[in-house]
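**Student:** First the structure, then my questions, so here it is.
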Amino acid sequence: MLRFISIALRMILCTAGAAVLLYVLSYPDSLMPANPALDYVQGITYYDFKPWMWLAPFLFMELVSIAGPRRNLVWFTALFTIIGLTLIAWPVLTATCPELVHPTFEYEDGKLAQGLIYMFCVLGITAFTRLVVLRFLYPPETEIDDDINNVDADVLDPSKALTVREILANPRKAKPHFLFGDADQERLSTIRAILRRLQRLSNWQNAGWLTLIALILCWFFFFPQPTEAQALQRDRNTMYRYVKMPDGTRRATFPAVHAAYRYMKHLADTDALAGLSKTQAEKLLQLQTVPEAYRSQLRDESDISIASVDDIFDSRTRFLTISDGRRVAVLYIRTNQEGDIINIAEVQDAGWNAKADDIRKRFGTASSRSYYY
């Protein structure tokens, strides 16, 4: 009983370590955000250890797995559990929160898409190491019955050797000796029945595992995903979600900022606001569904400083701003001379990666660089 409890507890701890390993491999920037100031620091900084953060949960899993019997069972149960749960959650997250599965920007970390690939690499490498290399280097000990192969020295005495003719003339045949007499046919039938039941149970178990794997793969590949129009509708609804802070201010949620950037990027790429008035643009964005207090915050047109760009031009107006306090997505518009018709829309982001923001601010964004020439 204690052995079973020990194995179960180690499985739980190792599975927790595998979950942390997946998180570290998927979202390293959330644990150690980019800091451009460290580029000017001499010597070793904590940021130099970022590529090796995954070693901590990996070594924890190793220590837990080798702390008792059934090491491989504990290790592979943890990995298969986390990988299986990830495959189940993948299509749901892709349909509802794609920013958790794929990076919104090229300078973000690899998200779950990268982490899952690394987990499969860990599974493959450790399977080869544990099941092939270690078994070859340290084969399991087996008990050898020395009585079976022991031979008396007299038999090997050359002086007592026989020729082939002598052996053929007096062949020696071993007489079998049954210690328990004749076989008990009834008992043999019972044993055969037990073996057949065990074989059927093994077949059912294998069929069950194969069915479970097939169901997970079907769920992964055939879970319904939103169309482009449905995804845009989802992002438009999501980008207005907010939380009320203790000081009374309102901030967008983490999914809202990602959804806002995706939706704003679509508006800018397709010129969806071109030729519309501000009132018509607000109606297209369905700002009338947002509470008045939060809507006035989103529609604030006063100048702000954005970490990713030196906004030194007065020719564009801040039309819609969504921020969670750290990340910000801003929809800018450029209007005609009268200021009543929108000519073009642009989107600006900041706060996802401080180093990328610093580089863009120093060298200028693509939209503002054209004004220097």
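The values are calculated or read from the model by the stated rules, or taken from the named source; none is laboratory data. Small disclaimer: the values here were computed from a predicted structure and weren't measured. Because the Cβ atoms are built from the backbone with ideal geometry, glycine has one as well, and the counts that use them run over all protein chains shown. SASA here: full protein model, heavy atoms, side chains in, ligands and nucleic acids out. Shrake-Rupley method; radii C 1.70, N 1.55, O 1.52, S 1.80 Å.
**Student:** Given an 8 Å cut-off on Cα distances and at least 6 residues of separation, report the relative contact order of the chain as a percent.
**Tutor:** Normalised by residue count, the contact order of the chain is 15 percent.
**Student:** For the chain, what does the helix formula give at 222 nm: sum of -39500 (n - 2.57) over DSSP H segments with n ≥ 4, over the residue count, nearest 500 deg cm²/dmol?
**Tutor:** The helix-only estimate for the chain comes to -16500 deg cm²/dmol at 222 nm.
**Student:** Still on this structure, please answer the following. What does the accessible area per residue of region 306-351 come to in Å², with a 1.4 Å probe and no ligands, DNA or RNA counted?
**Tutor:** For region 306-351, the solvent-accessible area averages 40 Å² per residue.
**Student:** Beyond 23 Å between alpha-carbons counts as too far, so tell me which of Lys50/Lys355; Lys265/Lys361; Lys111/Lys265; Lys278/Lys361 fall in that bin.
**Tutor:** From the list (Lys50/Lys355; Lys265/Lys361; Lys111/Lys265; Lys278/Lys361), the Cα-Cα distance tops 23 Å for Lys278/Lys361.
**Student:** Within 10 Å, count the other beta carbons around each residue, average over each peptide in 259-272, 241-254, 159-172, and list them highest first.
**Tutor:** Taking the mean over residues of other Cβ atoms within 10 Å, the ranking is 259-272, 241-254, 159-172.
**Student:** Okay, moving on. Any idea of His102's accessible area? Nearest 10 Å², probe 1.4 Å.
**Tutor:** Its accessible surface works out to 90 Å², give or take rounding.
**Student:** Okay, moving on. How large is the dipole of region 251-369 about the Cα centre if only Lys and Arg carry +1 and Asp and Glu carry -1, each at its Cβ, rounded to the nearest 20 debye?
**Tutor:** Charge dipole of region 251-369: 420 debye, to the nearest 20.
**Student:** Can you give the Rg to Rh ratio for the chain, taking only C-alpha atoms and Rh from Kirkwood?
**Tutor:** Value, to two decimals: 1.26.
**Student:** At 1.4 Å probe radius, can you tell me the per residue accessible area of region 23-132 in Å²?
**Tutor:** Computed with neighbouring chains in place, this is 53 Å² per residue.
**Student:** Mind checking which of Ser202, Gln288, Ala259 is farthest towards the positive end of the chain's charge dipole, using Cβ charges of +1 (Lys, Arg) and -1 (Asp, Glu) about the Cα centre?
**Tutor:** It is Ser202, whose Cα lies furthest towards the positive end.
**Student:** Taking the Cα centre of the chain as origin, sum charge times position over the Cβ atoms of Lys and Arg (+1) and Asp and Glu (-1), and report the length of that vector in debye to the nearest 20.
**Tutor:** 940
**Student:** A follow-up question, please. Please report the carbon-and-sulfur percent of the accessible area for the chain; probe 1.4 Å, protein heavy atoms only, DNA, RNA and ligands left out.
**Tutor:** 62
**Student:** Here is a further query. Take Arg196 and His266, extend 7 Å from each Cα along the Cα→Cβ direction, and tell me the distance between the two endpoints in nm.
**Tutor:** Here the modelled spin labels are 6.2 nm apart.
**Student:** Shifting gears a bit: For region 5-55, what are the per-bin percents of Cα-Cα distances with bins 10 Å wide, up to the bin holding the maximum?
**Tutor:** Final binned percentages: 22, 36, 23, 13, 5, 0.
**Student:** Here's something else I'd like to know. Could you pull the accessible area for Thr317 with a 1.4 Å probe, rounded to 10 Å²?
**Tutor:** It works out to around 40 Å².
**Student:** Specify the inter-centroid distance of region 195-260 and region 88-135, based on alpha-carbon positions, in whole Å.
**Tutor:** Between the Cα centres of region 195-260 and region 88-135 lies a distance of 15 Å.
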